[in-house]
1. Using only Cα atoms, what Kirkwood radius does the stretch A:3-62 have, in angstroms?
2. Counting other Cβ atoms within 10 Å, keep those with at most 12, restrict to DSSP loop, and tell me which GluC sites (Glu not before Pro) in the stretch B:1-102 are left.
3. Can you count the Lys pairs in the protein assembly as shown with C-alpha separation below 17 Å, eight or more apart or on different chains?
4. If you take the alpha carbon radius of gyration of the protein assembly as shown and divide it by 2.2 N^0.38 Å, what ratio comes out, to two decimals?
5. With a cut-off of 17 Å, note down the residues of the stretch B:18-58 whose backbone N falls inside the zone around a label point 7 Å from the Cα of residue B:80 toward its beta carbon.
6. So which trypsin sites (Lys or Arg not before Pro) in the stretch B:45-114 end up in coil per DSSP with only 10 or fewer other C-beta atoms within 10 Å?
7. Please give the average number of partner chain Cβ atoms lying within 10 Å of the Cβ of each residue in A:91-97, rounded to a whole number.
8. Can you figure out the FRET efficiency of residue A:58 with residue B:20, using R₀ = 45 Å and their beta-carbon distance, to the nearest 0.05?
Amino acid sequence: TQLLEQSPQFLSIQEGENLTVYCNSSSVFSSLQWYRQEPGEGPVLLVTVVTGGEVKKLKRLTFQFGDARKDSSLHITAAQPGDTGLYLCAGVDQAGTALIFGKGTTLSVSS
Amino acid sequence: DTEVTQTPKHLVMGMTNKKSLKCEQHMGHRAMYWYKQKAKKPPELMFVYSYEKLSINESVPSRFSPECPNSSLLNLHLHALQPEDSALYLCASSLDLGRSDEQYFGPGTRLTVT
């Protein structure tokens, strides 16, 4: 069974701090996705990482895919209250037909 | 247009009611999904439609009945639900099943069963 372990589960920080969220698996994934979800809304796709070792940047967010394509990280620099939300990593299952989600990281950034 | 719309936004229903959730996309996507999500938890896959045919049913109770009338629409018919079925129901779509790695989600329907 493919699993995605995401940590930490909860994170509460002050505005301006940096943080990193981890997504780990014992299985190889062809790609991993990161979603952000605000309360009462659906998840919004932030990025897809495909190549082992790949690094993608989206403003203050940096996404990395592990060399072996089994893990990924999301680093936020100088967090802002608008970054508050549920961050989900996801990958396609071995059948290639459904997304497997990590348990999510609930981030709260206070000013 | 990269939007998936869902109606209604909120729904309160009794355990004996019958109601339907609707989902629509006009991106030409041929795969559509229903998920159930509890608070601060990840979405759980319920059903997958591919080219208007049911492709995956994740052992969902029969009180949930999906329907895909055409390639743009996806319905979820609800009947005799239980209070534990209260959750956010999310619809998503992707270009096709082979591109399930890039799913676009709707805003969800917040369902409360009383």
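1. 13.6 Å
2. B:3
3. 14
4. Cα Rg divided by the expected 2.2 N^0.38 Å: 1.02.
5. Correct set: B:18-20.
6. none
7. For peptide A:91-97, the averaged partner shielding equals 4.
8. 0.75
FYI, it's all coordinate maths here, none of it is from the lab. Keep in mind the model is a prediction, meaning the values are calculated, not measured. Cβ sites come from the backbone with ideal geometry, for glycine too, and all protein chains shown count toward neighbours.
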